[in-house]
2 protein chains.
Amino acid sequence: MKAQLSKAGLADRLTPVFEAYGYEGASLSLLAKAAGLSKASLYHHFPNGKRDMAAAVLARAGARLQTLVIAPLHSTASPVERLGQSLDGVARLYEGDIPGSLMNSLLVGEGRGLFGAIVAGGVAAWEQALAGVYEAAGKPAAAARDTARQTLERIEGALVLCRVEGSRAPLEGALTSLRGGL
Amino acid sequence: MKAQLSKAGLADRLTPVFEAYGYEGASLSLLAKAAGLSKASLYHHFPNGKRDMAAAVLARAGARLQTLVIAPLHSTASPVERLGQSLDGVARLYEGDIPGSLMNSLLVGEGRGLFGAIVAGGVAAWEQALAGVYEAAGKPAAAARDTARQTLERIEGALVLCRVEGSRAPLEGALTSLRGGL
DNA sequence: TGAAACAGACCGAACGTTCGGTCACACCAA
DNA sequence: TTGGTGTGACCGAACGTTCGGTCTGTTTCA
């Protein structure tokens, strides 16, 4: 038998654990249970252990960010449509009843030294793409950068508030509000 | 010797550890080193261990939030001045080269179940006080609530970006921008 | 002298990790 | 068609380490 679960599928199963518990909080026991495998089997797929698992999860999240959120910003549609599709992508990227930001959780504690640079790269790409759309919508370059930064702040802040309130409402509210911002 | 360090002073020393590492990541070794005490001595001050320490740190942070950020919102000054003083308080509350949100770090993993309700209470009080100022500034009640929510999102989001970028700049930028929002 | 403050040594449990080995299946010569 | 061999997926059990937490004191000062 070749593989009951692909590496990507495995990463998908591990994602919610890292998202909810952070790098240090995601114990091998929790990860094994989420994967439906033993700890030893996890090492068969990720020879370098937890670091490898988190890296795979982060790579998967980066790919999803790229396709769901950033790619729509570069499409040929009108700026308003591009922003709308990208925000739809955000809603799909952060799914679930209590959405959590992997980027946020993974940067608590030890994870910051390990994955900080990767996360920073993804965020920078997102911010730049957003600024491009706002500029295409007619804003001066400096104002477009400011608006892009504000958009990121509001999305990430809303995700924090989602965890505080234990609800999806803050994210949905922020997205609705942001859609009207252009 | 009665006490080389008061409980509040001790909590202040423990704060950066919880802030940077979260609840699970903050090990007793790290906490003891930060306090300048042995693990056994920490248990003298906090009989219930890590839970007590985190609770003390959180209580201290709540008190600082109250005096630095929320109290100014309730003063007799003009709405614009009240907001300005409160944002100054935010800058002082989140000090340091790479400011971190204790509320955010502490809600990753196990901490959410332990302290989620306390944090949610503090945030709700902050949001309500903000909405009061925006309403006093002439906004309709619904719009005031929306603006208050947005302000919180931007501050918390900026703190996330501070950790991503390893810099204090996002917070300062957001505060400057928010000051101009009234 | 009595009590508070503190620390070294220690505990069972859980941590991340590794090892030895089982199992199901693909492949191939007889 | 069959039996032997190879291989990748998988797991139980254990590794050494560190975890949160406790015990038995010694020091310090009113």
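A short reminder: the numbers here are calculations on the coordinates, not readings from a lab. On a predicted model such as this, the values are computed, not experimentally measured, just so you know. All Cβ positions, even for glycine, are placed from backbone atoms using ideal geometry, and neighbour counts span all protein chains on display.
Only four residue types carry charge here, +1 at the Cβ of Lys and Arg and -1 at the Cβ of Asp and Glu. Report the dipole size of the range B:7-179 about the Cα centre in Debye, rounded to the nearest 20. Intermediate values should be presented prior to the final figure.
On the way: 18 positive and 16 negative charges, 75 e Å.
Here the range B:7-179 has a charge dipole of around 360 debye.
So which helices of chain A fit the span-like rule, where a helix is a whole DSSP H run, its Cα atoms reach 27 Å or more along the axis, and its mean Kyte-Doolittle is at least 0.5? Before the final figure, lay out the partial values.
Numbers: long enough: A:111-136 (36 Å, 0.79); A:141-165 (36 Å, 0.01).
Taking the DSSP H segments of chain A (at least 27 Å long, mean hydropathy at least 0.5), we get A:111-136.
Could you line up A:Asp146, B:Asp97 from fewest to most neighbouring Cβ atoms inside 10 Å?
Values: A:Asp146 16, B:Asp97 8.
By the 10 Å Cβ count, ascending, the order reads B:Asp97, A:Asp146.
Separation of the range B:63-91 and the range A:24-91, taken as the distance between their Cα centroids, equals 39 angstrom.
If R₀ is 25 angstrom, what is the calculated FRET efficiency for the pair A:Ala124 and A:Ser75, using the beta carbon separation as r and rounding to 0.05? It would help to have the intermediate numbers written out before the result.
On the way: r = 20 Å, r/R0 = 0.80.
The pair A:Ala124/A:Ser75 has a calculated efficiency of 0.80.
Where the only charges are on Cβ atoms (+1 Lys, Arg; -1 Asp, Glu), what is the dipole of the range A:77-171 about its Cα centre, to the nearest 20 debye?
Numbers: 9 positive and 11 negative charges, 25 e Å.
For this selection, approximately 120 debye.
To the nearest 0.05, what FRET efficiency results for B:Asp146 and B:Lys7 with a Förster distance of 45 Å applied to their C-beta separation? Write down the numbers at each step before the final one.
Numbers: r = 40 Å, r/R0 = 0.88.
Computed FRET efficiency for B:Asp146 and B:Lys7 comes out at 0.70.
When 1/r is averaged over all different Cα pairs and the result inverted, which Kirkwood radius in Å belongs to the range A:48-104? Evaluated over the range A:48-104, this radius sits at 12.4 Å. Two numbers describe the Cα atoms of the range A:7-179: Rg and Dmax, which are 17.0, 56 Å.
Cross-link reach is defined here as a Cα-Cα straight distance under 17 Å, omitting same-chain residues fewer than 8 places apart; for B:Lys7 the aspartates and glutamates meeting it are B:Asp52. A quarter of the convex hull surface defined by the alpha-carbon atoms of the range A:1-101 gives 7.7 nm² as the mean projection.
Given Cβ point charges of +1 (Lys, Arg) and -1 (Asp, Glu) and nothing else, what value in debye, to the nearest 20, does the dipole of the protein assembly as shown about its Cα centre take? If you can, show how the numbers build up before the last one.
Values: 38 positive and 32 negative charges, 160 e Å.
It works out to roughly 760 debye.
Spin-label model, B:Arg51/A:Glu165: points 7 Å from Cα along the beta carbon direction are separated by 2.9 nm. Of interest is the spacing of the C-alpha centroids, which for the range B:130-144 and the range A:167-182 amounts to 19 Å. For a straight C-alpha distance cut-off of 15 angstrom, the aspartates and glutamates reachable from A:Lys50 (same-chain residues fewer than eight places away being disregarded) are A:Asp12, A:Glu19, A:Glu24, A:Glu110.
Taking R0 as 22 Å, what FRET efficiency do you get between B:Ser27 and B:Ile98 from their Cβ-Cβ distance, rounded to the nearest 0.05? So, using R0 = 22 Å, E works out to roughly 0.60. Note on the protein assembly as shown: Cα convex hull, mean projected area over all directions, 20.4 nm².
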